[in-house]
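These notes are about the structure you will find just below.
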Ligand code: HEM
């Protein structure tokens, strides 16, 4: 395939292109160039005219310059041959970082700050990444291969190949100590483990711990409860260390909380608008548990930082660091609010946290996106700044439908904290004759039961759930089911149910919820499309006729 040097620029208004693509000079395969697609009508119209003009110029001048052009084309076609000794020089110590995959060399310097996995990528620079991607299986998909291809600079010199491959050193598998997992979880990536709660557990108010969705950014560290310590760093740099034993002296608090990944229902955004980058989560990147722990504000006060200090000390954020390297932060107001219920938790559903859920200690930030509830807590820092981690600064943000990873300035959007109103249908079933529910609802005729969840961030209560049996033409209100949630505000989802005559069913059922602020969900996905597919909350539609939907 022919290669040429191109400068790839993000066309105006293009939102569906490859993700995170910075405007850099790269070598790109001409035949697979996407730069005209998906937008920019003036540019498209210009192409045929420009092509004709170029053809005319080339044919009239070719007799004079043919030799030169041929030589140039040949030079362009021959990929640069690069020795492995040169690749190794472009390691983490160099300003320019190269990697090798499948005997091809890539200069990924411009990609590193955009990497969703953060600095762990540096483990591989200056060498071959194949074995890392065998371990970090999240990369084994076309969207990732396409990103890498943009940074191609040449081929490994054949003198460094054995049977067509670069000999590789063994690399340690950091996921070796990951725990065994419930087989019913719907796995999206094994390493790091990202797995949804199975649909049959989504209609329970409390999710059984083993079916609670898993969203790991890296490996799940195996920590020892007795020796584990975490540090609180005060604004003046003073540090105080705590063990799990130390936490026993604080008042123990129970809070029922729903945690939701910002990518929950990303798949629906992809299906309803266009491809949104990331794991294609369905409705199960969300679960609810009863958490037990101590109030963060009590621990901060014990360490020497009191609510009134916040005003004097310019402390605006509380940063959390996990034992595996993940980091994130929340605003100080949330951390210190008497009704914010931010906890350091050690129990989930009455038992010690599971390894995947942060054993022995995690942060719980109710009403905020789950990305702020840092697991395997190692360090708390009171700071003027937000966490500088990848997951605070360059991910978990939303941009406009027309923007792509290529052209955004990440610093212009706030990190997601509270989440918008959300709902989903989790089951849709015909009620057989004699079913108890049909009697309860006084329905002699054939009936359908629809069930689901509704949730709003920020502790906002769900006040209404509207369900349509006929694709949004007519609506009826679902019954909001009672539960025993505890907490200063409504941190848990609301389970709902509707039983209605089957004759009302059209092609698809639809749900939308309303929270106490009268916030509603958008009908379509295009208006809130963002290239990372965060905070998808469009009306959830389930085809009545497709029995395999769930
Ligand atoms: C060199 C080229 C690389 C490219 C183009 C690349 C690209 C990506 C992309 C697109 C994702 C997001 C996937 C998704 O959300 O579905 C990702 C995630 C990740 N990458 Fe890479 N990656 C590279 C190298 C590496 C290496 C060498 C490592 C490890 C040594 C690594 C570790 C990770 C991890 C741990 C995540 C998950 C982060 C999270 O879920 O927050 N990556 N990478």
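The values are calculated or read from the model by the stated rules, or taken from the named source; none is laboratory data. In this text, all values refer to a predicted model and were calculated from it rather than measured experimentally. Cβ placement follows ideal geometry from the backbone for every residue including glycine, while neighbour counts extend to all protein chains displayed.
Consider residue 224 carefully, then state whether it is in a loop (DSSP other than H, G, I, E, B) and either under 27 Å from residue 482 (Cα atoms) or assigned by TED's automatic domain parsing to the domain that holds residue 351 (or both). Please lay out each step first, then the result.
On the way: in a loop (DSSP other than H, G, I, E, B): yes; either under 27 Å from residue 482 (Cα atoms) or assigned by TED's automatic domain parsing to the domain that holds residue 351 (or both): yes.
So residue 224 fits the description; yes.
Is it fair to say residue 237 is closer than 30 Å to residue 532 by Cβ, away from the ligand (no atom under 16 Å from the Cβ) and part of a loop (DSSP other than H, G, I, E, B)?
Taking the combined requirement at face value, the residue does not satisfy it.
For residue 294, only one of the following conditions fails: (1) assigned to a helix (DSSP H, G or I); (2) more than 19 Å from residue 415 (Cα to Cα); (3) more than 16 Å from the chain's Cα centre (by Cα). What is its number?
All conditions pass for residue 294, except number (1).
Where residues in the stretch 113-129 are more than 9 Å from the ligand (Cβ to nearest atom) and surrounded by fewer than 17 Cβ atoms within 10 Å (Cβ to Cβ), which of them is farthest from residue 152 (Cα to Cα)? Break it down stepwise before answering.
First, the residues of the stretch 113-129 that are more than 9 Å from the ligand (Cβ to nearest atom): 113, 119, 126-128.
Next, from what is left, pick out any that are surrounded by fewer than 17 Cβ atoms within 10 Å (Cβ to Cβ): 113, 119.
On the way: 113: 17, 119: 20 Å.
So, considering only residues that are more than 9 Å from the ligand (Cβ to nearest atom) and surrounded by fewer than 17 Cβ atoms within 10 Å (Cβ to Cβ), the one farthest from residue 152 (Cα to Cα) is 119.
From the set of residues in the stretch 136-150 that are buried (at least 19 other Cβ atoms within 10 Å of the Cβ) and near the ligand (Cβ under 8 Å from one of its atoms), which is farthest from residue 82 (Cα to Cα)? Spell out how you get there, then give the answer.
Kept after step one, since they are buried (at least 19 other Cβ atoms within 10 Å of the Cβ), are these residues of the stretch 136-150: 136, 138-139, 147, 150.
With the extra rule that they be near the ligand (Cβ under 8 Å from one of its atoms), the set shrinks to 136, 138-139, 147.
Values: 136: 26, 138: 28, 139: 25, 147: 21 Å.
If we take residues in the stretch 136-150 being buried (at least 19 other Cβ atoms within 10 Å of the Cβ) and near the ligand (Cβ under 8 Å from one of its atoms), then 138 is farthest from residue 82 (Cα to Cα).
Could you check the stretch 240-273 and list, in sequence order, the residues that are assigned to a loop (DSSP other than H, G, I, E, B) and either within 16 Å of the ligand (Cβ to nearest atom) or outside the structural domain of residue 299 (by TED's automatic domain parsing) (or both)?
Just the residues of the stretch 240-273 that are assigned to a loop (DSSP other than H, G, I, E, B), to begin with: 244-245, 250-251, 261-265, 273.
Within the stretch 240-273, 261, 262, 263, 264, 265 meet the criteria.
Please enumerate the residues belonging to the stretch 151-168 that are within 14 Å of the ligand (Cβ to nearest atom) and assigned to a loop (DSSP other than H, G, I, E, B).
Pass one, the stretch 151-168, residues within 14 Å of the ligand (Cβ to nearest atom): 151-153, 168.
Matches in the stretch 151-168: 151, 168.
Given the options 465, 499, name the one that is outside any loop (DSSP other than H, G, I, E, B) and in contact with a helix residue (DSSP H, G or I) (Cβ under 7 Å, 6 or more places away or on another chain). Reasoning before the result, please.
Values: 465 fails: in contact with a helix residue (DSSP H, G or I) (Cβ under 7 Å, 6 or more places away or on another chain).
Residue meeting the stated conditions: 499.
Please verify whether the stretch 88-95 includes one or more residues that are in a helix (DSSP H, G or I), within 16 Å of the ligand (Cβ to nearest atom) and at pLDDT 95 or above. Show your work before the answer.
Within the stretch 88-95, the subset in a helix (DSSP H, G or I) is 88-89.
Narrowing the set further to residues that are within 16 Å of the ligand (Cβ to nearest atom) leaves 88.
Applying the additional criterion that residues be at pLDDT 95 or above yields 88.
Yes, there is a match, as at least one residue in the stretch 88-95 is in a helix (DSSP H, G or I), within 16 Å of the ligand (Cβ to nearest atom) and at pLDDT 95 or above.
Show the residue pairs that are 6+ apart or on different chains and have beta-carbon atoms under 6 Å apart, the first residue being within the stretch 202-224 and within 16 Å of the ligand (Cβ to nearest atom), the second being not in a loop (DSSP other than H, G, I, E, B).
213/196; 213/287; 214/195; 214/356; 215/194; 220/355; 220/356
Go through 228, 306 for me and flag whichever is out of contact with any helix residue (DSSP H, G or I) (no Cβ under 7 Å at 6 or more places or on another chain) and exposed (fewer than 15 other Cβ atoms within 10 Å of the Cβ). Lay out the reasoning, then the answer.
Working: 228 fails: exposed (fewer than 15 other Cβ atoms within 10 Å of the Cβ).
Among 228, 306, only 306 is out of contact with any helix residue (DSSP H, G or I) (no Cβ under 7 Å at 6 or more places or on another chain) and exposed (fewer than 15 other Cβ atoms within 10 Å of the Cβ).
Assess whether residue 171 counts as being within 16 Å of the ligand (Cβ to nearest atom) and out of contact with any strand residue (DSSP E or B) (no Cβ under 8 Å at 6 or more places or on another chain). Break it down stepwise before answering.
On the way: within 16 Å of the ligand (Cβ to nearest atom): yes; out of contact with any strand residue (DSSP E or B) (no Cβ under 8 Å at 6 or more places or on another chain): yes.
Spelling it out, residue 171 is indeed within 16 Å of the ligand (Cβ to nearest atom) and out of contact with any strand residue (DSSP E or B) (no Cβ under 8 Å at 6 or more places or on another chain).
Would you point out which residue out of 182, 178 is within 16 Å of the ligand (Cβ to nearest atom) and either in contact with a helix residue (DSSP H, G or I) (Cβ under 8 Å, 6 or more places away or on another chain) or within 30 Å of residue 491 (Cα to Cα) (or both)?
Numbers: 182 fails: within 16 Å of the ligand (Cβ to nearest atom).
Exactly one of 182, 178 is within 16 Å of the ligand (Cβ to nearest atom) and either in contact with a helix residue (DSSP H, G or I) (Cβ under 8 Å, 6 or more places away or on another chain) or within 30 Å of residue 491 (Cα to Cα) (or both), namely 178.
Is there a residue being in contact with a helix residue (DSSP H, G or I) (Cβ under 8 Å, 6 or more places away or on another chain) and within 25 Å of residue 267 (Cα to Cα) anywhere in the stretch 154-167?
Looking through the stretch 154-167, none of the residues is in contact with a helix residue (DSSP H, G or I) (Cβ under 8 Å, 6 or more places away or on another chain) and within 25 Å of residue 267 (Cα to Cα).
Go through the residues of the stretch 274-290 one by one and say whether even a single one is over 26 Å from the mean Cα position of the chain (by Cα) and more than 16 Å from the ligand (Cβ to nearest atom). Break it down stepwise before answering.
Step one: of the stretch 274-290, the residues over 26 Å from the mean Cα position of the chain (by Cα) are none.
Taking every residue of the stretch 274-290 in turn, none turns out to be over 26 Å from the mean Cα position of the chain (by Cα) and more than 16 Å from the ligand (Cβ to nearest atom).
Conditions tested, residue by residue: (1) modelled with pLDDT under 95; (2) at negative phi; (3) crowded, with 17+ Cβ neighbours inside 10 Å; (4) not in a strand (DSSP E or B).
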{"residue": "523", "(1), (2), (3), (4)": "no, yes, no, yes"}
{"residue": "538", "(1), (2), (3), (4)": "no, yes, yes, yes"}
{"residue": "542", "(1), (2), (3), (4)": "no, yes, yes, no"}
{"residue": "545", "(1), (2), (3), (4)": "yes, yes, no, yes"}
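Do the conditions hold for residue 290, that is, is it closer than 30 Å to residue 404 by Cα and either touching a strand residue (DSSP E or B) at 6+ places or on another chain (Cβ under 8 Å) or not assigned by TED's automatic domain parsing to the domain that holds residue 377 (or both)? Before you say what the answer is, go through the steps one by one.
Values: closer than 30 Å to residue 404 by Cα: no; either touching a strand residue (DSSP E or B) at 6+ places or on another chain (Cβ under 8 Å) or not assigned by TED's automatic domain parsing to the domain that holds residue 377 (or both): yes.
The answer is no for residue 290.
Any chance you could count how many residues in the stretch 97-112 are buried (at least 16 other Cβ atoms within 10 Å of the Cβ) and within 10 Å of the ligand (Cβ to nearest atom)? So that I can check it myself, show each step before the final result.
Let us first name the residues in the stretch 97-112 that are buried (at least 16 other Cβ atoms within 10 Å of the Cβ), namely 97-101, 103-111.
Filter once more, so that each one left must be within 10 Å of the ligand (Cβ to nearest atom): 97-101, 106, 108, 111.
Going through the stretch 97-112 one residue at a time, the tally reaches 8.
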